[in-house]
1. Using only Cα atoms, locate the centre of the stretch 8-68 and the centre of the stretch 111-185, then give the distance between them in Å, rounded to an integer.
2. In debye, nearest 20: dipole of the chain around its Cα centre with unit charges on the Cβ of K, R (+) and D, E (-)?
3. Grab the eigenvalues of the alpha-carbon gyration tensor for the chain, scale each by 5, take roots, and send me the semi-axes largest first in whole angstrom.
4. So for the stretch 96-183: antiparallel DSSP bridges make up what percent, rounded to the nearest 5?
5. Between ALA110 and GLN87, how many nm apart are label points set 7 Å from Cα along the C-beta direction?
6. With contacts defined as alpha carbon pairs under 8 Å and 6 or more residues apart, what's the relative contact order of the chain in percent?
7. Amide H of ILE142: which non-local residues (sequence gap of 5 or more, or other chain) have their own amide H closer than 5 Å, using H built in the peptide plane?
8. Show which lysines lie in cross-link reach of LYS74 when reach means a straight Cα distance below 20 angstrom and same-chain residues fewer than eight apart are skipped.
Amino acid sequence: MSDMITLALSKGRIFEETLPLLAAAGIEVLEDPEKSRKLILPTNRADVQVVLVRATDVPTYVGHGGADLGVAGKDVLIEHGGEGLYQPLDLNIARCRMSVAVREGFDYEAAVRQGSRIRVATKYTTIARQHFADKGVHVDLIKLYGSMELAPLTGLADAIVDLVSTGKTLKANHLVEVEPFMEISSRLVVNQAALKLKRDRLRPLIDAFAAAIPKD
Ligand SMILES: Nc1ncnc2c1ncn2[C@@H]1O[C@H](COP(=O)(O)OP(=O)(O)OP(=O)(O)O)[C@@H](O)[C@H]1O
Ligand SMILES: O=P(O)(O)OC[C@H]1O[C@H](OP(=O)(O)OP(=O)(O)O)[C@H](O)[C@@H]1O
């Protein structure tokens, strides 16, 4: 195992919202991912680097040791399964909720009451399957990789399960949130073997992150 500490982040909100936590640990990223096309970003510490990966790939990188630690949403972690990952901290960043949404005018409550089979399009099939199983509602899940909002508008599905924050995306597409059911935030994930082998350097970093978690 190399002597470098590698942190996996995704571009956008996770990168931006992790920066203050890194600063609290005395780490400054020396390149701006929005300006550079580099995927490996150096920091002010010669033994720490940041790698940029897709949000959904963070658990895979960390689980397999391609990175020692990373930051990933609870949604991504549930869908991945979390194998090989130690999850010491809820960082309380990138906060949103998982919700059921339908086209304006679709009577979701009635469909549930009547026990009709509801067609649900989502990227989050594990979370959605569990949610509807808990409710005892029969659904046909349709796996999508993006633009879920289109599914009820085109007749592909009756409902979607997607992340909601301000609600602007739903509103812009004439959809309504009918059932928020899971609070989402991002967590610090650490490779279990790395934690043992690099404990002396990882522990202070984890502690600094813990002390800097934003309050509600
Ligand atoms: N609108 C939002 N507001 C706050 N947090 C969000 C929002 N959308 C997503 N998130 C959280 O931020 C994480 C990263 O989201 P981001 O949009 O950067 O990646 P993504 O496009 O979902 O992933 P990928 O590129 O792998 O498809 C999500 O896993 C989720 O936990
Ligand atoms: O309720 P809202 O505030 O509209 O946020 C919800 C949207 O955010 C996420 O997408 P994405 O990461 O593409 O959103 P972004 O536009 O914030 O990047 C999510 O998949 C929703 O589409």
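1. 31 Å
2. Working: 27 positive and 28 negative charges, 48 e Å.
Rounded to the nearest 20 debye, it is 220 debye.
3. Details: eigenvalues 276, 59, 42 Å².
The answer is 37, 17, 15 Å, longest axis first.
4. Numbers: 13 of 21 bridges.
Antiparallel: roughly 60 percent of the beta bridges in the stretch 96-183.
5. A separation of 3.8 nm, rounded to one decimal place.
6. Reported relative contact order: 28 percent.
7. VAL120, ALA121, THR122
8. By straight Cα distance, LYS74 reaches LYS11, LYS123, LYS143, LYS215.
Just so you know, all these numbers are worked out from the coordinates, no wet-lab data involved. Only a predicted model underlies this, so the values are computations on that prediction, with no experimental measurement involved. A quick note on method: Cβ atoms are made from the backbone with ideal geometry, for glycine too, and the neighbour counts reach across all protein chains shown.
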